[in-house]
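Trainee: Structure below; questions to follow.
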Amino acid sequence: DEELNTEYIGRNIIHYSSVDSTNMEAKKIALEVEEGTTIISEEQLKGKGRLGRNWTSPKGKGIWMSIILKPDISPTEASKVTQIGAASVSKAIEEIGIKNKIKWPNDIVIKGKKTCGILTEMSGEINRVNYIVVGIGINVNLEEGDFPEDLREVGTSLRIEKKQVIDRVNLVSNVINNFEYLYKDFINTRSIKKSIDICKESSALLHKRVRVIKGDNIEEAVAIDINDDGHLIVKYDDGNIKEIISGEISIRGI
Ligand code: BTN
């Protein structure tokens, strides 16, 4: 159903036809607006990805959105909302009948190809967060020609996979409804267990061999768990076990 049934996430939606980046807009107004305020744009001229990359955001073809949050948590916990975002999107895509997986920490993939990315940005002090912006980019109705040439092998859209045009309004409502449900649970219980359970159920990495890439250093290991903090646990061939915090490294499935 196309309905938003939330209390505060997405109750105040600011809708643009074009901006440089919804994350940048969200950061500008974050301190002045109520929690849950959501910026959505039909296109982004300078969409931002992780690690300084660009994010292709053609007009009317995707969901390019940023949710402003003001939880009373410490900055070390900010990455937890990325897991909430990934779980919300994965479930929302499943609700419209498309099977997908979560590639820890923040990508949604279909048959190994990326269809959604999440960029979480934060402003905070040593032990408290001022605000968090969760930027969600979903490739909904992009066609092959919309992707830059070098991304055609690794990127996809819901339309390409489902072979039909997808209703963006319905999908965005599902994302926001799921997000509020999981975010409220986090605020109430101080735990992201509900989101982690979803991330584990539909994990693209769990129990698989992965490459742990940190700068020039590449090591192979097996992804054995995602713990309650949302960190990935990997086991090296020599038996050593390590906890990996999102953002610190990049993980590739093999
Ligand atoms: C990644 O996988 O590298 C993260 C991509 C995040 C893209 C979204 S689109 C909406 C929001 N605004 C941005 O500029 N980026 C995020």
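Trainee: Looking only at the range 123-153, filter to residues that are under 16 Å from LYS91 (Cα atoms) and β-branched (Val, Ile, Thr); which one of those is surrounded by the most Cβ atoms within 10 Å (Cβ to Cβ)?
Mentor: If we filter the range 123-153 for residues that are under 16 Å from LYS91 (Cα atoms), which is where we start, we get 136-140.
Filter once more, so that each one left must be β-branched (Val, Ile, Thr): 136, 138, 140.
Values: ILE136: 31, ILE138: 25, VAL140: 22.
Ranking the qualifying residues of the range 123-153, first place goes to ILE136.
Trainee: Still on this structure, I have one more. Would the range 92-103 turn up any residue that is within 12 Å of the ligand (Cβ to nearest atom) and surrounded by fewer than 24 Cβ atoms within 10 Å (Cβ to Cβ)?
Mentor: So far as the range 92-103 goes, yes, one or more of its residues are within 12 Å of the ligand (Cβ to nearest atom) and surrounded by fewer than 24 Cβ atoms within 10 Å (Cβ to Cβ).
Trainee: From the list SER66, SER88, which one is of a type in the set (S, T, N, Q), under 24 Å from ILE245 (Cβ atoms) and not in a helix (DSSP H, G or I)?
Mentor: Only one candidate qualifies: SER66.
Trainee: Quick check on my filter: what residues within the range 60-74 are under 13 Å from SER18 (Cα atoms), more than 9 Å from the ligand (Cβ to nearest atom) and touching a strand residue (DSSP E or B) at 6+ places or on another chain (Cβ under 9 Å)? Show your work before the answer.
Mentor: Keep residues of the range 60-74 that are under 13 Å from SER18 (Cα atoms), which gives 60-65.
Next, only the ones that are more than 9 Å from the ligand (Cβ to nearest atom) stay: 60-61.
Listed by number, the list holds a single entry, LYS61.
Trainee: So which residues in the range 185-237 are among the small types (Gly, Ala, Ser) and within 22 Å of VAL109 (Cα to Cα), if there are any at all?
Mentor: Within the range 185-237, SER195, SER202, SER203, ALA204, ALA221, ALA223, GLY230 qualify.
Trainee: Residues that are closer than 20 Å to SER21 by Cα and either β-branched (Val, Ile, Thr) or assigned by TED's automatic domain parsing to the domain that holds LYS113 (or both): find the helices (runs of 4 or more DSSP H) completely inside the range 129-215 holding 2 or more of those.
Mentor: It comes to 168-189.
Trainee: Please find, among THR120, THR82, the residue that is part of a strand (DSSP E or B), within 13 Å of the ligand (Cβ to nearest atom), crowded, with 18+ Cβ neighbours inside 10 Å and on the phi < 0 side of the Ramachandran plot. It would help to see each step written out before you state the result.
Mentor: Details: THR82 fails: part of a strand (DSSP E or B).
Of the residues listed, the single one that is part of a strand (DSSP E or B), within 13 Å of the ligand (Cβ to nearest atom), crowded, with 18+ Cβ neighbours inside 10 Å and on the phi < 0 side of the Ramachandran plot is THR120.
Trainee: Considering only residues that are modelled with pLDDT of 95 or more, surrounded by fewer than 20 Cβ atoms within 10 Å (Cβ to Cβ), assigned to a loop (DSSP other than H, G, I, E, B) and polar (S, T, N, Q), which ones fall in the range 1-55?
Mentor: Across the range 1-55, the qualifying residues are THR6, ASN12, SER17, SER18.
Trainee: What's the number of the only condition in (1) more than 10 Å from the ligand (Cβ to nearest atom); (2) closer than 15 Å to PHE179 by Cβ; (3) touching a Ser or Thr at 6+ places or on another chain (Cβ under 8 Å) that VAL134 fails to meet?
Mentor: Condition not satisfied by VAL134: (1).
The values are calculated or read from the model by the stated rules, or taken from the named source; none is laboratory data. Owing to the predicted nature of the structure, the values given are computational and were not obtained by experimental measurement. FYI the Cβ positions are ideal-geometry reconstructions off the backbone, even for glycines, and counts take in every protein chain you see.
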